[in-house]
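**Q** Have a look at this one before I ask anything.
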Amino acid sequence: MTIIAPRPPQPNHAPSERDLREDLAAAYRLIARFGMDDLIYTHLSARLPGAGEPRFLINPYGMMFSEITASSLVVVDVEGNAVGEQIWPVNPAGFVIHSAIHMGREDAHCVMHTHTLAGMAVAATEDGILPLNQMSMEFYGRVAVHEYEGIAADDNLSERGRLVRDLGSLNCALLRNHGLLTVGATVAEAFYYMYYLEQACRIQLAATSMGRTLSIPPVDVIERARDQFSGGTSKGWRPWAALRRMLDREDPSYRD
């Protein structure tokens, strides 16, 4: 089998709906594979290209992340209501957080939200993400915090503005007493941030559970390590290409 080296995404490349469906379905499968799903709950969403009223892809309500395919993803409007006929139901309340970010951030083409053990544990602490490892240091000063206001549903629409305000221009957030959230210009970028934000939380959960004094480097060292991580809108494209190849080898049904 010949493996072709991935090429970086071209500037201003606009993915087709099919491209987005396959990328987002792959992300659902990978979130499940890495133990970051929560039964049929939480969501990953992507903005569809095209003029007119905004439309988004999201998981059908009731399917496990490990079952998601490109064709099963549901098209919804900005309020989370299904666009056109759908076989599976949708969960408009589950889209409240996503809608706020998509509409408040022009660059937020993909939004991911998880309820993981490590993420929820760290989100329940006042300290947030601690710079305990270089994976964690990438996020130093780059993780927003949004305080808990109850279950994010359409009975508290004013929370949307506060969520967008708290996120600002950052790509990652701790939703206090709730979970993790990442955004990206691409599915690859949002997944990269979610994977490593989750890793930072798992490292922190493991380190703090040992009951030993934590080693935290000086701030100037932490900032240097953070700044050594590359950024830009092509963030995460190389590992994403590798992950897509892995799925294609092992279970390409996500493309269906």
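The values are calculated or read from the model by the stated rules, or taken from the named source; none is laboratory data. From a predicted model like this one, the values you see are computed outputs, not experimental measurements. Note that each Cβ is placed from the backbone with ideal geometry, even for glycine, and that neighbours are counted across all protein chains shown.
**Q** Just the residues that are modelled with pLDDT of 90 or more, in a helix (DSSP H, G or I), surrounded by fewer than 20 Cβ atoms within 10 Å (Cβ to Cβ) and of a type in the set (A, V, I, L, M, F, W, C), please, taken from the range 57-111.
**A** M103
**Q** Kindly evaluate A123 against the criterion of being under 18 Å from the mean Cα position of the chain (by Cα), under 13 Å from L197 (Cα atoms) and small (G, A, S).
**A** Against the criterion (under 18 Å from the mean Cα position of the chain (by Cα), under 13 Å from L197 (Cα atoms) and small (G, A, S)), A123 qualifies.
**Q** Is it fair to say L167 is over 19 Å from the mean Cα position of the chain (by Cα) and farther than 23 Å from R29 by Cα?
**A** So L167 does not fit the description; no.
**Q** If you don't mind, there's one more thing I want to ask. Going by what's in this entry, would V145 be described as assigned to a strand (DSSP E or B) and surrounded by fewer than 21 Cβ atoms within 10 Å (Cβ to Cβ)?
**A** So V145 passes the test.
**Q** Could you run through the range 100-127 and say how many residues are touching a strand residue (DSSP E or B) at 6+ places or on another chain (Cβ under 8 Å) and among the polar types (S, T, N, Q)?
**A** Residues in the range 100-127 being touching a strand residue (DSSP E or B) at 6+ places or on another chain (Cβ under 8 Å) and among the polar types (S, T, N, Q): 2 in total.
**Q** Right, something else. Find the residue count for the range 230-244, including only residues that are modelled with pLDDT of 85 or more and over 16 Å from the mean Cα position of the chain (by Cα).
**A** Counting residues in the range 230-244 that are modelled with pLDDT of 85 or more and over 16 Å from the mean Cα position of the chain (by Cα) gives 4.
**Q** Would you pick out the residues in the range 176-232 that are part of a loop (DSSP other than H, G, I, E, B), in contact (Cβ under 8 Å) with a residue 12 or more places away in the chain and closer than 22 Å to E106 by Cβ?
**A** A185, T186
**Q** Additional query: Output the qualifying pairs, or none if there are none: Cβ atoms under 6 angstrom, residues six or more apart or on different chains, first residue in the range 144-162 and modelled with pLDDT under 85, second residue surrounded by 15 or more Cβ atoms within 10 Å (Cβ to Cβ) and in a loop (DSSP other than H, G, I, E, B).
**A** Final answer for the pair search is E159/E149.
**Q** Still on this structure: Restricting attention to the range 43-56, and to residues there that are farther than 20 Å from G179 by Cα and touching a residue at least 40 places away in the same chain (Cβ under 8 Å), which single residue is surrounded by the fewest Cβ atoms within 10 Å (Cβ to Cβ)?
**A** P54
**Q** Scan the range 16-37 and tell me whether some residue there is β-branched (V, I, T), surrounded by 15 or more Cβ atoms within 10 Å (Cβ to Cβ), closer than 19 Å to V187 by Cβ and touching a His at 6+ places or on another chain (Cβ under 9 Å).
**A** no
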